[in-house]
1. Report yes if some residue within segment 147-160 is under 19 Å from Leu214 (Cα atoms), more than 10 Å from the ligand (Cβ to nearest atom) and under 18 Å from the mean Cα position of the chain (by Cα); otherwise report no.
2. Name the pairs whose Cβ atoms lie under 7 Å apart, with the first residue in segment 182-199 and among the acidic types (Asp, Glu), the second assigned to a strand (DSSP E or B), and 6 or more positions between them or separate chains?
3. Any idea which residue in segment 107-130 is surrounded by the most Cβ atoms within 10 Å (Cβ to Cβ), counting only those that are more than 16 Å from the ligand (Cβ to nearest atom) and assigned to a loop (DSSP other than H, G, I, E, B)?
4. If a residue must be free of Cβ contacts under 8 Å to residues at least 60 places away in the same chain and not in a strand (DSSP E or B), how many such residues does segment 158-178 contain?
5. What about Lys180, is it exposed (fewer than 14 other Cβ atoms within 10 Å of the Cβ) and closer than 30 Å to Val257 by Cβ?
6. Can you pull out the residues in segment 131-142 that are surrounded by 18 or more Cβ atoms within 10 Å (Cβ to Cβ) and not polar (S, T, N, Q)?
7. Exactly one of (1) within 12 Å of the ligand (Cβ to nearest atom); (2) farther than 28 Å from Asp141 by Cβ is unmet by Lys218. Its number?
8. What about Phe231, is it touching a residue at least 24 places away in the same chain (Cβ under 8 Å), away from the ligand (no atom under 16 Å from the Cβ) and touching an Asp or Glu at 6+ places or on another chain (Cβ under 8 Å)?
Amino acid sequence: MHDIIIIGGGPAGLTAGLYAGRAKLKTLLIEQMVAGGQAATTDLLENYPGAPEGSTGPDLTERMEEQAKKFGCEFVMGEVTGVDLSGKEKVVTTNVGEFKSKAVIITSGATHRKLGCPGEEDLIGGGVSFCATCDAAFFEDLPVAVVGGGDSAISAAIYLTKFASRVYVIHRRDALRATKVVQEKAFANPKIEIVWDSVVDEIKGSETVEALKLKNVKTGEFSELPVDGVFMYIGLVPNTKFLQGQVKINPAGYIPVTANMETDVPGVFAAGDVTAKLLRQVVTAVGDGATAAVAAEKYIEDNF
Ligand code: NAP
C-alpha cells in the first residue's frame, strides 16, 4: 500500500509529488498521458515568477517531473476509471490495475470544452484542434480561426501567427476576457483579426476544414469565413467524472476545498484546476499541490 496516491500529473500533481517525496512518504502519481497537464501544451508562460523572459510549458513541467522523481515519487501511466474513497484505505482503479493508499490527492485538472456545432466532431484531426502548440505547424501560410476570447484563445492566436497567414479570433461578445497585457499584444499583431459578436454555427469541409459558417449575434446575419483550421478555446471542463458520488462536486463540476485543500472526505485532498477557485494558473496550481501534500502528510500522521 502507498501512503499517498496522486491522480493527475499537471503542475499541481507534480508539486504534490515533490513535497510528498521529500516528506519520505511512499507516493504514487497516476497520469494517463505525458506528465505536465495543460501547461505542457502551452507555448510561453510569461506570468510564472522567476523567468522574466518567460518559460516554455514543456520545459517547466519536464523539470517539475524530474524534481518529483528525484525525491522518490513513483509514476505510473494509466487512466483512472473509478475510486472508492469511503474507507480508511482508499482504492484507485485504473486500466493498468488497482492501487491502495492512506490518502489521495486529486489533481486531475480540466480539459478543453467542445463547441458542439455541426462539423466539429467529424473534423477533429482534419483541421479542428484543441492545441495550438501541437498543431500550429500544419498551417504554415494558411488562414486559421481561434474560437474564444479568454487567455487561452488569445495566447493561442498570438502563437499561431508564427505559422498561419492570418488568424481570425471569433468571439461572441464585443470585449475580450483575456488579461489586458495579452489583449494588447493581440491588438498590435497585424496578422490577427478579431471577429466580434460572432459565434460558429457550423464547421464546413468534407475531409478537412474549408470554412466556418458564422452568425453575428447582434444582427442575426450569417456569413462564411474560409479557413483551413479552427482552434477551440472556449473554456474548460473539470475532469471529475470518475469521482461521481465519492466527493462533493459543485454544479459546474469542480471540487470545493478548504484552505488546506481538504475535500469533504477525510484523507482526500484536491489541488489545481480541478478545484473550485478564482485563478486557474500554474502559479496557483503549484501552491495548491504543496499545501495538499503537507495536509495529507499531517492526516497520515494523525490517523495511522
Ligand atoms: P475562459 O477564461 O473561461 O474563457 C473562455 C472564453 O470562451 C471566453 O471568452 C468565453 O466568452 C468563450 N466561450 C465560452 N463558451 C463559449 C461558447 N459556447 N461559444 C463561444 N464562446 C464561448 O477559459 P480559458 O481561456 O481556457 O482559460 C481558463 C483559465 O486558465 C482562466 O482562468 C485563464 O486565466 C487561465 N489561463 C491563463 C493563462 C496565462 O495566464 N498565461 C493562459 C491560459 C489560460 P465570454 O468571455 O463571453 O464568457
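The values are calculated or read from the model by the stated rules, or taken from the named source; none is laboratory data. Please read these numbers as outputs of a predicted model, since none were measured by experiment. Backbone-built Cβ (ideal geometry, glycine too); neighbour counts: all protein chains shown.
1. Checking segment 147-160: at least one residue is under 19 Å from Leu214 (Cα atoms), more than 10 Å from the ligand (Cβ to nearest atom) and under 18 Å from the mean Cα position of the chain (by Cα).
2. Glu193/Arg166; Glu193/Tyr168; Asp197/Asn216
3. Gly127
4. So the answer is 13.
5. It is true that Lys180 is exposed (fewer than 14 other Cβ atoms within 10 Å of the Cβ) and closer than 30 Å to Val257 by Cβ.
6. Within segment 131-142, Ala132, Asp135, Ala136, Phe139 qualify.
7. Among (1) within 12 Å of the ligand (Cβ to nearest atom); (2) farther than 28 Å from Asp141 by Cβ, the lone unmet condition for Lys218 is (1).
8. no
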